[in-house]
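Asks: My questions all concern the structure below.
The values are calculated or read from the model by the stated rules, or taken from the named source; none is laboratory data. From a predicted model like this one, the values you see are computed outputs, not experimental measurements. For neighbour counting, all protein chains shown are included, and Cβ atoms are generated from backbone atoms with ideal geometry for every residue, glycine included. The protein model used for the area step is the full one, side chains on, heavy atoms only, and it has no ligands, DNA or RNA in it. Shrake-Rupley method; radii C 1.70, N 1.55, O 1.52, S 1.80 Å.
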Amino acid sequence: LWLKTGSLKLSRKDCWYYRAPFEIFSANSHRDLQHQLTPAMFAFCSSKTQAGEPSQCVPQSQPGVTRQYTQHTHGIRTQADGSVPAEKALQKLEQGNSRYVEGMPQQRSFDADARLALAQHGQNPFATIIGCADSRCPLEIFFDVQPGDIFVLRNAGNTCTHAEGSMVGSVEYSVCHLHTNLILVLGHTCCGAIAGATATALSKTDKSQNDAQPSSTLDKLLAGLGPVALQAASELPAGSTVEEVAAHAVKVNVFHTIEKLLTYSKPLREKVRQGEVVVQGAIYDIVSGKVEFLGACPRQVLVLDMDAALVVRAPPLEDSTKESNFVQGKGSASAKTGGA
């Protein structure tokens with residue numbers, strides 16, 4: 001089936017992702033079609049873009065909706081498309097967030113064909129984002145992207161303090177195997193992890209509290225963010241409230257995570273040194289929806305000069321001995337007798 005208007009011919013293959021609501025006319029009635037469909041409905045086909053980059057238009061009859069015409073090889077970003085330079089990737093995130101804030105997100109349809117394309121042809125994200133696990137921070141929504149566009153890592157406080165292996169290893173996978181060129185560390189306002197860490201750090205005024213050992217994994221997480229809170233407090237005027245310190249600590253923590261990430265990963269440092277990968281920070285405002293892009297870490301040049309790497313932590317000798325004895329059948333009566 002061909003739709004014909006003037007000198008412009010569109011096949012069903014060309015239009016399958018546009019999904020505009022209009023009637024289908026036979027090829028013999030193309031003269032009537034010229035009068036019944038305005039040129040604006042097909043403006044999305046007239047602009048030329050680079051391969052893999054979608055163009056957009058807004059039909060005058062539907063304000064508030066941005067239609068998307070994709071030029072991805074399989075209708076969605078896959079390994080069949082080219083990689084995106086860091087500068088362009090950052091621009092795509094900025095533009096996506098602007099559309100979200102303005103209430104003009106692109107209208108997409110992630111259907112069975114898109115899922116099949118990703119499964120068959122593999123993922124090819126244009127950016128890697130380390131964000132907070134907070135349920136109020138839906139990254140794909142406020143960056144107005146779809147599955148396959150961004151490689152997302154999330155934990156409480158968007159930190160590497162106590163998740164070095166999983167976070168750093170996943171980032172290395174994204175840049176070394178998926179070839180993403182942009183890494184964005186994203187904090188957010190009103191972060192509960194930062195607020196808790198700040199309150200805990202500032203409340204430790206006597207020796208007994210400072211010497212107390214964390215009693216839970218959460219306590220360890222908050223203790224690991226303590227230096228961030230103390231640095232934030234030192235950068236503010238004396239007498240600042242806990243809330244003011246916590247708000248500033250969100251930004252301090254973003255750059256702290258970047259420093260940890262570069263410190264722990266030698267492959268990542270090399271790629272940043274060579275200009276192949278860009279690492280930047282940002283903060284999402286959960287009230288306005290706007291993302292503030294902070295740029296590179298101020299101490300990045302110093303960190304790149306380091307010669308460090310993540311060291312795997314060996315288990316305590318006592319625990320490792322017990323485990324070894326158990327494996328050898330020497331650890332318990334049940335092991336010796338074959339019992340459960």
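Asks: In vacuum, with every alpha carbon of the range 150-276 counted as one equal point scatterer, what does the Debye formula give for log10 I(q)/I(0) at q = 0.09, 0.15 Å⁻¹? Two decimals, please.
Replies: Rounded to two decimals, the profile gives -0.29, -0.73.
Asks: Using a 1.4 angstrom probe on heavy atoms only, work out the carbon and sulfur share of the accessible area of the range 144-185 in %.
Replies: Its accessible area is 54 percent carbon and sulfur atoms.
Asks: Residue separation times 0.36 nm, minus the C-alpha to C-alpha distance between Leu116 and Asp305: what's the value?
Replies: Stretched out fully, the Leu116 to Asp305 stretch lengthens by 63.6 nm.
Asks: Starting from 0.36 nm per residue, how many nanometres of slack lie between Gln123 and Ala80 once their C-alpha separation is accounted for?
Replies: 14.6 nm
Asks: In nm, to one decimal, how far is the modelled label at Lys204 from the one at Thr217, with both set 7 Å along Cα→Cβ?
Replies: 2.1 nm
Asks: Rounded to a whole number, what % of the accessible area of the range 213-258 do carbon and sulfur atoms account for, probe 1.4 Å?
Replies: For the range 213-258, the apolar C and S fraction of the accessible surface comes to 60 percent.
Asks: Also, quick follow-up: Averaged per residue, what accessible surface does the range 167-310 expose to a 1.4 Å probe, in Å²?
Replies: Accessible area per residue: 48 Å².
Asks: Of Lys92/Lys260; Lys88/Lys220; Lys220/Lys266, which ones are farther than 30 Å apart at the Cα?
Replies: Lys88/Lys220, as the Cα separations exceed 30 Å there.
Asks: Which loop GluC sites (Glu not before Pro) in the range 75-129, with loop taken from DSSP, have no more than 15 other Cβ atoms within 10 angstrom of their Cβ?
Replies: Glu102
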